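Undergrad: Before anything else, here's the structure in question.
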Amino acid sequence: SVRGFDSTRVSYTLDGIQLNDSGNYEVYSNFSIDPEILEQVNVGLGSTDVDSPTASATGGTVNQRTRIPGMDFGGRVVGTLGESDYSRGFMMVDTGALTASGLRAFVSASKTDYDNPFNNFGKVKRQQYNARVYQPFGDNGDFVSVAARYNRDRNNFFGSVTLRND
């Protein structure tokens, strides 16, 4: 919530594309992207202007921007373990500059699994794949970029315990 407005009244965008549900404007947690590929997050309080990409922005806006691929070849690997059988792995590779004009890209993948600590029915299994190709033009900050994203969430937070078995 932002300023007392629930998520149906908050615009949620990634690289300028609205992620709110198209039917009820709801924001779901599986819409989020891996934090390692975020360059910037802006939160705008208050009602948005008429140029906003969504009608749901009465309470404010949350704008996320994907990182620009690096000029140098490199990578990043992150592993996390925790309670309730929590495990997360993340990998990313930057191609570095592929041409003299600065064409570059990155690809990333992550996998998260964990169990609900209160019963054996709740589980989360998430896979996410992201990529971005970036081509700058001139010295004015102009660019062309293409990004791709695939997200698969399978979750059952709380299951039901049977009251009787017949």
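The values are calculated or read from the model by the stated rules, or taken from the named source; none is laboratory data. Keep in mind the model is a prediction, meaning the values are calculated, not measured. Positions of Cβ are generated from backbone atoms using ideal geometry, with glycine treated the same way; all protein chains shown enter the neighbour counts. What goes into the accessible areas is simple: the full protein's heavy atoms, side chains included, and nothing from ligands, DNA or RNA. Shrake-Rupley method; radii C 1.70, N 1.55, O 1.52, S 1.80 Å.
To keep it simple, each residue is scored yes or no on (1) open to solvent by 50 Å² or more (accessible area, probe 1.4 Å); (2) under 22 Å from S108 (Cβ atoms); (3) assigned to a strand (DSSP E or B).
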position	(1), (2), (3)
T8	no, no, no
S11	no, no, yes
N20	no, no, no
N24	yes, no, no
I33	no, yes, no
E36	no, yes, no
Q40	yes, yes, yes
G44	no, no, yes
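Undergrad: Can you tell me which residues in the stretch 76-132 are among the hydroxyl-bearing types (S, T, Y) and under 23 Å from N156 (Cα atoms)?
TA: Matches in the stretch 76-132: T80, S84, Y86, S87, S110, T112, Y114, Y129.
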